[in-house]
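The values are calculated or read from the model by the stated rules, or taken from the named source; none is laboratory data. Note that the coordinates shown come from a computational prediction; the quantities given were computed from them, not determined experimentally. Cβ: placed from backbone, ideal geometry, glycine included. Neighbour counts: every protein chain shown. Side chains are part of the model used for accessible areas, which takes the heavy atoms of the whole protein and leaves out ligands, DNA and RNA. Shrake-Rupley method; radii C 1.70, N 1.55, O 1.52, S 1.80 Å.
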Amino acid sequence: MKSASTYRAVQAVSKGKLEMTEKPMVDPPAGHVRLRVEACGVCHSDSATVEGILPIQWPRVPGHEAVGRIDMTGEGVEGWKLGQRVGVGFLGGSCGHCEYCRDGDLVNCINQGYTGVQQDGGYAEVMIAKASGLIAVPDDLSSVDAAPLLCAGLTTFNALRNSPARAGDLVAVFGVGGLGHLGVQYARRMGFEVVAIDRGGDRAELSKKLGAHHYIDSSSTDVAKAMQALGGAQVVLATASGGKAVAAALGGLRRGGVVISLGATDEPIELSAFDLLFKQLGVDGALTGTSKAGDATLRFSAMSKVAAMIETMPLEKAAEAYAKMMSGKARFRMVLTMT
Ligand SMILES: [Zn+2]
Ligand SMILES: [Zn+2]
């Protein structure tokens, strides 16, 4: 911290441009807390803010995998303590009064902002967060380790947890990258038979190390055939962006199976209604999860030793970390550190 009255933050100022700035310290409004950020993951969805893919009012501080300590609580905040270490994910906190919230469907709250999109995120030494969106960080998880679990971890963990797959079922993880390398670990720890799929042979050994029972090289193998030879998957986690990847995954499902698409893309998904009808196949999506599901993600990860492979960089190198993530060269999650 430079001084008590300002803090450093990295903000997107125009398409593709991140720059360091100094922001005035403010008190949290009612229902919000102020955090001293300790770590923040760099996620592919940060491109929504930096490249202006979602409607953005620049300048905006990206970052929705933020971990920090509460240093001030706004009026009406209950259940969270000063000094407590908490996480903030993509969903910025539900409103509690819209029709979805009143029905218990907090993810679909219509008054929920996206962290780092409608409100400033975690590429900063300090951030303001809505208390209803906070995630509890267990003591035995470091801030750096917890950060990528708040989006990449929560997304894959919750998608698998809510999927129709049961212990012993075949679950495929399409793409062993930032999301997939966590998906493989969760799938294994949840008791599924796990097949990892990626292009080329160089991810085979890593996939096995992460817990996959099988590996399919999609560049040299007919993926659908190879999956059917294993009995067909009950669930495919499609972590690679693109409608074509989702369509290809359908061929590897067993009857009644479902592809869960996690890669954020507007590329259309082409599929045959025959498959949906006669094989009862399904296509679904999953948008992270509630803050309570975030708690469960972190606890499960700490208990069963699921960890992201992480490269850290200090906050002032945020632009470099972002560029490395966007280039696909990160192995596999970049995390910014503030101290
Ligand atoms: Zn709501
Ligand atoms: Zn994310």
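Overview of values
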{"quantity": "Cα-Cα over 22 Å, subset of Lys17/Lys317; Lys23/Lys130; Lys208/Lys305; Lys23/Lys317; Lys209/Lys292", "calculated": "Lys209/Lys292"}
{"quantity": "Residue-count net charge about Pro138 - beta-carbon cut-off 11 Å; Lys, Arg +1, Asp, Glu -1", "calculated": "-2"}
{"quantity": "Stokes-Einstein translational diffusion, segment 297-336 - Kirkwood Rh over all Cα pairs, 1.002 mPa s, 20 °C, in µm²/s", "calculated": "193 µm²/s"}
{"quantity": "Length-normalised contact order of the chain in % [C-alpha pairs under 8 Å, at least 6 apart]", "calculated": "18 percent"}
{"quantity": "Separation in nanometres of the label points that stand 7 Å from Cα toward Cβ, at Asp266 and Ser142", "calculated": "4.0 nm"}
{"quantity": "FRET efficiency, Lys292 to Trp58 (Cβ-Cβ, R0 30 Å, nearest 0.05)", "calculated": "0.35"}
{"quantity": "Area of Phe300 that stays accessible when all protein chains are in place (1.4 Å probe, Å², to 10)", "calculated": "50 Å²"}
{"quantity": "Helix-only CD estimate at 222 nm, as mean residue ellipticity for the chain, using -39500 (n - 2.57) per DSSP H run (n ≥ 4)", "calculated": "-6500 deg cm²/dmol"}
{"quantity": "Per-peptide average of other Cβ atoms within 10 Å, ordering 43-51, 314-322 highest first", "calculated": "43-51, 314-322"}
{"quantity": "Built amide H within the under 5 Å cut-off of Gly116, gap 5+", "calculated": "Gly121"}
{"quantity": "Segment 113-252, relative contact order [Cα under 8 Å, separation at least 6], %", "calculated": "21 percent"}
{"quantity": "For segment 99-150, size of Cβ-based charge dipole, Lys and Arg +1, Asp and Glu -1, in debye", "calculated": "180 debye"}
{"quantity": "Rg over Rh, two decimals, segment 222-317 (C-alpha only, Kirkwood Rh)", "calculated": "1.08"}
{"quantity": "Segment 278-339, relative contact order in percent, only Cα pairs under 8 angstrom and at least six apart counted", "calculated": "32 percent"}
{"quantity": "Whole-Hz ³J(HN,Hα) from phi, Karplus 6.51 cos²θ - 1.76 cosθ + 1.60, for segment 128-134, glycine and proline x", "calculated": "9, 9, 6, 4, 5, x, 6"}
{"quantity": "Centre separation in Å (Cα based) which lies between segment 9-83 and segment 226-272", "calculated": "34 Å"}
{"quantity": "Net length gained if the chain between Met309 and Glu75 were fully extended (0.36 nm per residue, minus Cα distance)", "calculated": "80.4 nm"}
{"quantity": "Selection from Gly289, Leu271, Met309, by position along the positive dipole direction of segment 270-310 (Cβ)", "calculated": "Met309"}
{"quantity": "Rounded to the nearest 10 Å², the accessible area of Lys324 at probe 1.4 Å", "calculated": "60 Å²"}
{"quantity": "Rounded to the nearest 10 Å², the accessible area of Ser132 at probe 1.4 Å", "calculated": "50 Å²"}
{"quantity": "Extension gain (nm, one decimal) between Arg102 and Ala273, 0.36 nm per residue minus Cα-Cα", "calculated": "58.1 nm"}
{"quantity": "Semi-axis lengths, Å, the chain, gyration tensor of Cα atoms, sqrt of 5 times eigenvalues", "calculated": "35, 21, 19"}
{"quantity": "P(r) of segment 1-44 over all Cα-Cα pairs, binned every 5 Å from zero, in whole percent", "calculated": "5, 15, 22, 25, 20, 12, 2"}
{"quantity": "Per residue solvent-accessible surface (Å²) - the chain, probe of 1.4 Å", "calculated": "44 Å²"}
{"quantity": "Charge context of Val246, other residues only, Cβ under 14 angstrom, K/R +1, D/E -1", "calculated": "-4"}
